[in-house]
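Structure first, commentary second.
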Amino acid sequence: MSLLPYLAYLVISFAYTEAGILYPRVSETREQISLDGIWNFGLTDPTNATKGHDEAWYLRDLRAVDSLDVDLMPVPSSYNDIGTDGLGLRDHVGPVWYQRSFIVPKSWNGRRVWIRFSSANYAADVWINGKAAVSHSIGHLPFQAEVSSLVNYGTRSTITVSVDNTLTNTTIPEGSTKKLSSGRLKQQHQFDHFNYAGIDRPVVLYTTPSTYIDDITVVTDVDGTNGFVNYTVTVEGSDEVTARIGLVDKDGKEVATDTVLEGSLFIPDANLWWPYLMDPNPGYLYSLEVQLLDTSGTLLDKYEQPVGIRTIFWDSDSVKINNRSIYLRGFGSHEDSDIRGNGLDLPLIIRDHNLIKWLGANAYRTSYYPYAEEIMDLADQLGIMIINECPAVSVKNLGGELLENHKQSLTEMYNRDKNRPSVIMWSAGNEPASSDKQATDDHFREVFEHIHSLDNTRPVTVINFNGRHDNQGGEYIDIIGITYFSGWFQDNAELDVVVNNVLKHGQQLRSEYNKPIMINEYGSDALEGLHMLPSFTWTEEYQTELLSLHFQAFDQLRSEGYFIGEMIWCFADFKTDQGVQRVGGNRKGIFTRNREPKASAHLLRKRYWALAEFLDGVEPPDDVNEYIIGD
């Protein structure tokens with residue numbers, strides 16, 4: 001057995017020093033209670049944002065606070081589109097307050113009890129029974145705390161949460177506020193999507209024993225048909241523990257075991273994790289069953305970690321999975337839907353993944369923030385590749401506190417998603433908006449060095465190189481990610497220049513950096529149902545013509561041996577701030593916001609299935625190309 005996979009793993013395990021943030025799973029030793037549901041909810045007066053903290057509302061029933069109008073609010077959801085008051089609720093800037101009661105079973109007394117938020121946008125303070133439990137200041141990422149000493153057992157407890165959506169020049173994402181002549185506070189930011197806020201992902205209470213599995217890090221490797229699962233288990237509590245580690249396949253058969261907390265499992269003839277359409281059995285997952293035992297062999301704690309065995313390699317021309325070159329075909333997207341905003345919506349995410357498979361796509365980018373864990377679970381299971389992007393979009397106040405928060409967001413994203421086989425690339429952000437090239441280079445050099453210190457098994461990118469800014473940090477990253485809207489933001493309506501523009505842009509970047517190139521954003525708005533002949537901007541015809549011209553350029557770039565993928569912007573229409581360039585939101589989706597296809601979706605489907613047939617030998621579905629005429 002080669003030591004190389006294990007040595008690479010040790011580099012990662014030594015770099016990792018923070019407490020774990022394992023997804024909460026019920027087991028023989030762990031129980032769980034959901035706090036999702038209807039909470040009491042109130043807005044602060046934007047002119048006195050600190051009032052709730054100053055008056056200690058966390059010690060009171062919010063319904064009894066005279067200056068607070070309390071409504072009902074579902075969790076998880078964004079709060080913005082729930083009500084009917086636009087300038088009050090939808091466009092609110094500042095803290096909002098949530099509260100509900102819950103009961104912890106008497107049987108939980110004596111165990112460790114934890115509160116876990118999968119996300120709250122953006123800064124959250126949490127109290128239980130009036131006592132501070134945890135604070136967190138980066139959205140789209142989970143946080144937790146032990147609350148064993150704060151909850152009541154067998155009687156009601158109260159949880160109160162303050163969530164503040166205010167963005168500043170040091171937050172991730174970045175922003176500022178402006179006071180209007182009416183006195184209302186307006187949030188300003190550089191990103192295009194709506195600034196949804198609130199407790200938008202699940203909240204759970206769960207238990208662990210006093211000695212428990214705090215974290216698991218898994219790095220896999222492949223040698224021919226053999227697989228390696230290199231793992232480390234971090235334990236909190238007693239040091240006097242033994243372990244039993246078992247790797248179990250989909251049929252429930254244990255295929256490898258060990259008895260140490262840090263080791264390497266060898267799996268002959270392993271079922272490898274393959275992307276969708278690259279193998280008849282994509283997304284194959286094993287389960288790493290970790291058991292902690294005391295010195296007498298009694299079970300203390302158990303946790304099951306999904307594992308996909310695959311390896312990633314990249315050089316100046318390509319990215320490979322299991323020693324096969326990949327060609328990414330997909331899109332950028334948003335967690336965005338009617339009423340719920342960014343809130344977790346299980347029916348919607350199943351629908352979205354059905355549409356991904358229908359299209360013949362194999363990848364997407366979590367633009368411009370990490371998606372919910374439940375969404376990424378599906379990608380693991382289905383073999384959908386992910387470029388996982390931290391919430392640093394359009395950063396410009398570079399260095400200092402913003403740099404530290406930027407690195408912290410990457411650390412938290414890594415800690416959450418490091419074990420996911422679907423995550424094949426990290427994105428350190430989108431379109432840094434600085435004209436100071438030296439400051440930007442210095443900032444992103446530190447950022448890239450930071451993420452590489454955490455993980456040297458995945459390539460890193462930043463989505464930029466769009467012709468509007470200097471090319472920041474290109475020498476430090478592994479994959480050049482292009483944002484380029486030829487025919488829309490550049491040379492609008494000039495379709496005859498698209499092919500040459502895209503070719504020239506890609507070739508120049510290749511010449512400058514000699515690294516793999518992919519396009520992460522291109523396209524145009526199209527208002528569903530708007531048709532003109534000849535085509536005209538904003539029509540469905542214009543969007544499809546623009547896509548077709550890009551396809552020509554992509555094929556030529558791909559033939560040159562370094563172009564590794566195409567991702568349209570974007571999957572579905574989404575809500576934005578109001579503006580004269582937006583008709584109810586961003587309309588660049590190939591699907592409407594309620595996931596009905598535009599003409600571009602049918603065209604892109606033909607493209608992606610044709611690529612699957614040409615590159616991976618997959619036969620397209622019968623309905624991809626409708627019958628036209630016989631021989």
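The values are calculated or read from the model by the stated rules, or taken from the named source; none is laboratory data. The structure displayed is predicted, hence computed values, not measured ones. Because the Cβ atoms are built from the backbone with ideal geometry, glycine has one as well, and the counts that use them run over all protein chains shown. Heavy atoms of the whole protein, side chains included, go into the accessibility calculation; ligands, DNA and RNA do not. Shrake-Rupley method; radii C 1.70, N 1.55, O 1.52, S 1.80 Å.
Values for this structure:
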quantity	calculated
Any hit, segment 380-391, residues being closer than 30 Å to Tyr513 by Cα, touching a His at 6+ places or on another chain (Cβ under 8 Å) and open to solvent by 10 Å² or more (accessible area, probe 1.4 Å)	no
Glu475 being surrounded by fewer than 16 Cβ atoms within 10 Å (Cβ to Cβ) and either at pLDDT below 80 or assigned to a helix (DSSP H, G or I) (or both)	no
Residue pairs meeting the criteria (Cβ under 8 Å; at least 6 apart or on separate chains; first closer than 11 Å to Trp358 by Cα, in segment 593-604; second modelled with pLDDT under 95 and assigned to a helix (DSSP H, G or I))	none
Residue among Asp377, Asp315, Asp338 that alone is modelled with pLDDT under 95 and surrounded by fewer than 23 Cβ atoms within 10 Å (Cβ to Cβ)	Asp338
Enumeration of residues in segment 522-545 that are in contact with a Phe, Trp or Tyr (Cβ under 7 Å, 6 or more places away or on another chain) and either assigned to a helix (DSSP H, G or I) or small (Gly, Ala, Ser) (or both)	Gly523, Ser524, Ala526, Ser535, Tyr542
Set Thr234, Thr220: member being touching a Gly at 6+ places or on another chain (Cβ under 9 Å), in a strand (DSSP E or B), in contact (Cβ under 8 Å) with a residue 40 or more places away in the chain and crowded, with 24+ Cβ neighbours inside 10 Å	Thr220
Residue count for segment 565-606, restricted to those that are assigned to a loop (DSSP other than H, G, I, E, B) and either of a type outside the set (Val, Ile, Thr) or surrounded by fewer than 24 Cβ atoms within 10 Å (Cβ to Cβ) (or both)	23
Any strands (runs of 3 or more DSSP E) falling wholly within segment 284-356 and containing at least 2 residues that are over 27 Å from Phe194 (Cα atoms)	286-293, 299-307, 312-314, 319-321
Yes/no for Pro306 being open to solvent by 50 Å² or more (accessible area, probe 1.4 Å), under 30 Å from Asn362 (Cβ atoms) and not polar (S, T, N, Q)	no
Count - residues of segment 166-187 that are open to solvent by 60 Å² or more (accessible area, probe 1.4 Å) and part of a loop (DSSP other than H, G, I, E, B)	4
Of the criteria (1) within 22 Å of Ile21 (Cα to Cα); (2) modelled with pLDDT under 95, which one Asn405 fails	(2)
Scope segment 145-161; condition of a type outside the set (A, V, I, L, M, F, W, C), touching a residue at least 12 places away in the same chain (Cβ under 8 Å) and surrounded by fewer than 23 Cβ atoms within 10 Å (Cβ to Cβ); matching residues	Glu146, Ser148, Asn152, Tyr153, Gly154, Thr155, Arg156, Ser157, Thr158
Tally, over segment 31-45, of residues that are at pLDDT below 95 and open to solvent by 60 Å² or more (accessible area, probe 1.4 Å)	1
